[in-house]
Amino acid sequence: QVEKRLELVKQVSHSTHKKLTACLQGQQGVDADKRSKKLPLTTLAQCLMEGSAVLGDDSLLGKMLRLCGEAEDKLAQELIHFELQVERDVIEPLFVLAEVEIPNIQKQRKHLAKLVLDMDSSRTRWQQSVKSSGLGSNLQPSGAKADALREEMEEAANRVEICRDQLSADMYNFVAKEVDYANYFQTLIEVQAEYHRKSLALLQNVLPQIKAQQEAWMEKPSFGKPLEEHLAVSGREIAFPVEACVTMLLECGMQEEGLFRVAPSASKLKKLKAALDCCVVDVQEYSADPHAIAGALKSYLRELPEPLMTFELYEEWIQASNIPEQEKRLQALWSACEKLPKANYNNIRYLIKFLAKLTEYQDTNKMTPSNVAIVLGPNLLWPQADGNMTEMMTTVSLQIVGIIEPLIQHADWFFPGDIEFNVTGNYGSPMHVNHNANYSSMPSPDMDHTDRRQHDQARRPLSVATDNMMLEFYKKDGMGVRVMDTSWVARRGTSGVRKASSTPPAAQPPAPPADLPTTPHSPIPEQSPDISASPSPLPTSFGFPPGAER
């Protein structure tokens, strides 16, 4: 039984030794220094450190390469120590077992077989000599030759006995040492565990440093990132893309017809978004293309992981828009506004105030509160569940318009007080100097219509690209959703007529909570009582007169 196990154990030990040796990354049998030079991890660490020296610590990549290079070098040293220990405690003992100890036992077994043959041969010769002497079997042969044959036979038998005893001892020792042989594999696992523990400790020590460098680096992209994360990193209250786009539009885009509805050049939009991600904007370059600025603002809002008006309050916004009574509807919208997180509240307040200012120029830019709500609403609020985008736009977007339009119409009631749009002061008017003479002066909403017409004649032609998909949705009725009045004709005329629509009515909704600021005037602006009762007829071509169709 032991002989059979010897051969099996030899085969297993040999194959294990061979595969284990192949796992070593360093050169076997050399010292630590020579092994380190040819280790792949060491080569990687050198490459990272060289890259760090080229880029320098002034760049984030340079810092990352240096930290990672140092970590990889330490990992390489741990790997070298691990491989040396495995080689000493596992690989070499397995080699001795498979190539020395077991073969020696097998050689001893073959030697015993040879001695047995010699002993048998000696006994045969002695027996033949007995027969040739003619003596009986009970008598011992005499003479020198017979004595020599007998001594040879006895000596051979003695050698066989000694060899058999030695072989038995070796085999018993092999069986007894099986625990030691099994311990080689336990040692392998223990050494591996220790190596991985030390490597993990190294990585856990360097990881906070890497994260700290990342967090300390201010030039982080803002598109597609959570609002709170961007504000925390940049130390701002208003998101950088929002402030940059709003302040540039205040300088150059308030009278641009179809702002937020006309599609910009795709290449210009892509370039501006990339510039905003780097927090570097050439204000003078983009002041001649307000549609690109508006498109970048819409893209930022749409690419937020969570809408500015939050998923958590989505159902509350929708329920508020479905309230038929105007006063209760506005009060419900106001209540939802107050529940917004501080960061979201500050940014939606900033944005709504700007949109309200934009609609003051609706006679020129054709962007009434309803039109603005149609093109911007789906970028401010959308449902969390993924679904068919077209179906979502046709059903939910109509309700969202019913949320955004009142916010714009009554911005001063929802968000009382004045607001400074150029918070950081980085986007001043000196940068916008007579670009194509289109915005050399910004007419007031109270400008006389003759002067406004003269100003409009100097404006460049409008781009023909429009949000036709949204336009088609709002041409349809019978969807079971209240369609907002998009007519701009009813709001034309002097500024006094338009401002009259914002005067507070006699009726007031339930008073806001006592701990929230209230405005001295009555909170509900005047509105036609039948607006919520029946859809108003949609005007021709999205609220534009026939002559303004493109």
message: Let me spell it out: the conditions are (1) open to solvent by 60 Å² or more (accessible area, probe 1.4 Å); (2) part of a helix (DSSP H, G or I); (3) without any contact (Cβ under 8 Å) to a residue 40 or more places away in the chain; (4) among the polar types (S, T, N, Q), and residue 27 meets all of them except one. Which number is the exception?
response: (2)
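Before we move on, is residue 265 of a type in the set (Ser, Thr, Tyr), touching a Phe, Trp or Tyr at 6+ places or on another chain (Cβ under 9 Å) and assigned by the TED database to the domain that holds residue 343? Outline the logic, then answer.
Details: of a type in the set (Ser, Thr, Tyr): yes; touching a Phe, Trp or Tyr at 6+ places or on another chain (Cβ under 9 Å): no; assigned by the TED database to the domain that holds residue 343: yes.
For residue 265, the condition - of a type in the set (Ser, Thr, Tyr), touching a Phe, Trp or Tyr at 6+ places or on another chain (Cβ under 9 Å) and assigned by the TED database to the domain that holds residue 343 - is not met.
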- prompt: Using beta carbons and a limit of 7 Å, which pairs, at least six apart or on different chains, have the first residue in the range 147-159 and closer than 13 Å to residue 128 by Cα and the second one open to solvent by 70 Å² or more (accessible area, probe 1.4 Å)?
  reply: 149/125; 153/123
- prompt: Is it true that residue 75 is in contact (Cβ under 8 Å) with a residue 12 or more places away in the chain, in the same structural domain as residue 176 (by the TED database) and under 28 Å from the mean Cα position of the chain (by Cα)?
  reply: yes
- line: Of the residues in the range 1-27, those that are closer than 13 Å to residue 178 by Cβ and β-branched (Val, Ile, Thr) come to 2, 9, 12
- request: Of the conditions (1) in contact with a helix residue (DSSP H, G or I) (Cβ under 7 Å, 6 or more places away or on another chain); (2) open to solvent by 10 Å² or more (accessible area, probe 1.4 Å), residue 290 clears all except one; give me its number.
  value: (2)
message: Is it the case, given these coordinates, that residue 7 is open to solvent by less than 60 Å² (accessible area, probe 1.4 Å) and acidic (Asp, Glu)?
response: no
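Residues are listed down the side, and each one gets a yes or a no for (1) modelled with pLDDT of 90 or more; (2) surrounded by fewer than 17 Cβ atoms within 10 Å (Cβ to Cβ); (3) not hydroxyl-bearing (Ser, Thr, Tyr):
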| residue | (1), (2), (3) |
| --- | --- |
| 172 | no, yes, no |
| 177 | no, yes, yes |
| 182 | no, yes, yes |
| 185 | yes, yes, yes |
| 200 | yes, yes, yes |
| 207 | yes, yes, yes |
| 211 | no, yes, yes |
| 219 | no, yes, yes |
| 236 | no, no, yes |
query: Does the range 82-105 include one or more residues that are assigned by the TED database to the domain that holds residue 164, at pLDDT 85 or above, over 20 Å from residue 194 (Cβ atoms) and polar (S, T, N, Q)?
result: yes
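Could you please give the count of residues in the range 333-343 that are over 17 Å from residue 408 (Cβ atoms) and part of a helix (DSSP H, G or I)? Break it down into steps so the answer makes sense when it comes.
Filtering the range 333-343 down to residues over 17 Å from residue 408 (Cβ atoms) leaves 335, 338-339, 341-343.
Then drop every residue that is not part of a helix (DSSP H, G or I), which leaves 335, 338, 342-343.
Selection size over the range 333-343: 4.
With respect to residue 243, determine if the residue is surrounded by fewer than 19 Cβ atoms within 10 Å (Cβ to Cβ), touching a residue at least 60 places away in the same chain (Cβ under 8 Å) and not small (Gly, Ala, Ser). It would help to see each step written out before you state the result.
On the way: surrounded by fewer than 19 Cβ atoms within 10 Å (Cβ to Cβ): no; touching a residue at least 60 places away in the same chain (Cβ under 8 Å): yes; not small (Gly, Ala, Ser): yes.
Considered against the rule, which asks whether it is surrounded by fewer than 19 Cβ atoms within 10 Å (Cβ to Cβ), touching a residue at least 60 places away in the same chain (Cβ under 8 Å) and not small (Gly, Ala, Ser), residue 243 comes out as no.
The values are calculated or read from the model by the stated rules, or taken from the named source; none is laboratory data. Fair warning: this is a prediction, and the values are worked out from it, not measured in the lab. Glycine gets a Cβ as well: all are built from the backbone with ideal geometry, and neighbour counts include every protein chain shown. These accessible areas exclude ligands, DNA and RNA; they are computed on the full protein's heavy atoms, side chains included. Shrake-Rupley method; radii C 1.70, N 1.55, O 1.52, S 1.80 Å.
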